[in-house]
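Working notes, structure below.
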Amino acid sequence: MRSKELIKSIILILLVLMSAVLTYMTWNFSPDLANVDKQQDNKETEAKTIGKPLDQGMDKVVTPYQVIHSKGEDSEGMEATKSNVEATLKPLKNHRVLRSEQMHSNHNLIIPDLSDEFLVLDFTYDMPLATYLGQALNINAKVPNNFKFDRLIVDNNKDGTVKLYAISKDRHNVVRMTTSAKLSQFEKVMKQQQKNMQPYTEIITNKDTIDKATHIFAPKAPKGLKSYHTIYNRISVDTMNAILFNDSVVVRSSKSGNATYNNNTGVANYSDDSEKYRYTNLSEDENRSTNMKESIPSTFDYINNHGGFTDDFRLFNVDNKTGELTYQMFLNGRPTFNNDDLNNIKVSWGDKGVFSYARALLKANVTIDSGEDEVKLPGAETVRAELANNPEINFEEVTNMTIGYNMDNKPDNTDIEIQRNSEFKPQWYVQYDGEWRAYSDGGLE
């Protein structure tokens, strides 16, 4: 009997102690707001990014659009996939330019000391040489100020080091550079890369393209070209506004699928029909910067920091008059083209930040083989001959020819998800009088 009473007393004492402890903990409870704050910060960070930033540098976006190997009378080349470009450029990176010299020719450019075998890296825009060497290749270089190029030749000279020739867009100026890169390493890489190459044709269009260093190169007999089908996800307007506006945004008007957003520093427009978004920074000066040595790295950093390179975007056009840069989507190492600009990002830089930013709010979710038969396109010589014989075309104005993809984005009226899908079909494209146009039936669209 006594033992039972003792047990009851012990249990009662324990219950009283537990009650006292719980009461104390309740009175002294302080919620841990640190994690709440972190979660809120994470949400805000996520809201200000479209996707994951690239973990590599500018060389993934500022790249050649084709790589050509010329030896004697033979030429071969390959499309500029990320792996192809990375392997080709690797032996050039992290070296120094030991000597540089600029040369000028009033007539067709001839490089007398260029060997019989060399590699050509072709770009679709003129690029500040110092910017490309320093920020894309990490090459320490003293080169002529403000020199721009759109073709870089890697010469297979016999002195054991890599010699580079940067050729200007007008084909009248060249900078010759001797580097510290070892030719043996570059030759080793090129032997491996030649497995990926197909025969290319050398094309002469005018008096500035008659030398072997200035020929236009294009696929001789393109084959194995497939079509692709892409399904898109959408980027929210709220995300874009969070990225581009510094404070709260006011919806000024919203009707018929069009909306305008603004605050004290900027204004943006978005259309449901086109799914295109355009922002203008009102706090910047009216004139966009035309200094591409600043604009190219600045726009790359800005877009990349908020994960804006959602697909394989590459720098494709630089307008030195307006300051606008176009980053265009590539597929399988080939450029894509779309009449409605649904495949590009257009951006310009001001004195202190972004001046304008325009893009479609679409990003590829999945891209698959369309299942259609491979497309057979005419060879480069056929395209050349038909354009040269077309009385409506001044063939001397042709400056580039390549295989690209036509991005067919016609809306399906039976699908409420308008412009959600795209078909990418291979097609010849020609740069004519400064503009890229599709080749069709002997003419240009």
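So here's what we get for this one:
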{"quantity": "Qualifying residue in segment 263-285 (condition: hydrophobic (A, V, I, L, M, F, W, C), farther than 20 Å from residue 324 by Cβ and in contact (Cβ under 8 Å) with a residue 12 or more places away in the chain)", "calculated": "no"}
{"quantity": "Any chance residue 163 is farther than 17 Å from residue 202 by Cβ, part of a strand (DSSP E or B), over 17 Å from the mean Cα position of the chain (by Cα) and charged (D, E, K, R)", "calculated": "yes"}
{"quantity": "Only listed residue being open to solvent by less than 40 Å² (accessible area, probe 1.4 Å) and on the phi > 0 side of the Ramachandran plot, chosen from 275, 284", "calculated": "275"}
{"quantity": "Residue that is farthest from residue 283 (Cα to Cα) [pool: residues in segment 215-259 that are open to solvent by less than 20 Å² (accessible area, probe 1.4 Å) and of a type in the set (S, T, N, Q)]", "calculated": "227"}
{"quantity": "Subset tally (residues that are in contact (Cβ under 8 Å) with a residue 60 or more places away in the chain and part of a loop (DSSP other than H, G, I, E, B)) for segment 170-193", "calculated": "2"}
{"quantity": "Subset tally (residues that are under 23 Å from the mean Cα position of the chain (by Cα) and part of a strand (DSSP E or B)) for segment 351-408", "calculated": "25"}
{"quantity": "Test for residue 94: is it in a loop (DSSP other than H, G, I, E, B), surrounded by fewer than 19 Cβ atoms within 10 Å (Cβ to Cβ) and in contact with a Leu (Cβ under 9 Å, 6 or more places away or on another chain)", "calculated": "yes"}
{"quantity": "Segment 22-73, residues that are part of a loop (DSSP other than H, G, I, E, B) and at pLDDT below 50", "calculated": "28, 29, 30, 31, 32"}
{"quantity": "Residue tally, condition in contact (Cβ under 8 Å) with a residue 60 or more places away in the chain, of a type in the set (Val, Ile, Thr) and open to solvent by 30 Å² or more (accessible area, probe 1.4 Å), over segment 194-214", "calculated": "1"}
{"quantity": "Condition check for residue 181: small (Gly, Ala, Ser), surrounded by 16 or more Cβ atoms within 10 Å (Cβ to Cβ) and farther than 30 Å from residue 379 by Cα", "calculated": "yes"}
{"quantity": "Residue satisfying all of: in segment 209-256; charged (D, E, K, R) and in contact with a helix residue (DSSP H, G or I) (Cβ under 9 Å, 6 or more places away or on another chain); modelled with the lowest pLDDT among these", "calculated": "238"}
{"quantity": "Failed condition for residue 132, given (1) touching a helix residue (DSSP H, G or I) at 6+ places or on another chain (Cβ under 9 Å); (2) open to solvent by 50 Å² or more (accessible area, probe 1.4 Å)", "calculated": "(2)"}
{"quantity": "Given (1) under 23 Å from the mean Cα position of the chain (by Cα); (2) farther than 20 Å from residue 355 by Cβ; (3) of a type in the set (A, V, I, L, M, F, W, C), index of the condition residue 244 fails", "calculated": "(2)"}
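The values are calculated or read from the model by the stated rules, or taken from the named source; none is laboratory data. No experiment lies behind these values; they were computed from the predicted model shown. Neighbour counts run over all protein chains shown; Cβ positions are idealised from the backbone, glycine included. The protein model used for the area step is the full one, side chains on, heavy atoms only, and it has no ligands, DNA or RNA in it. Shrake-Rupley method; radii C 1.70, N 1.55, O 1.52, S 1.80 Å.
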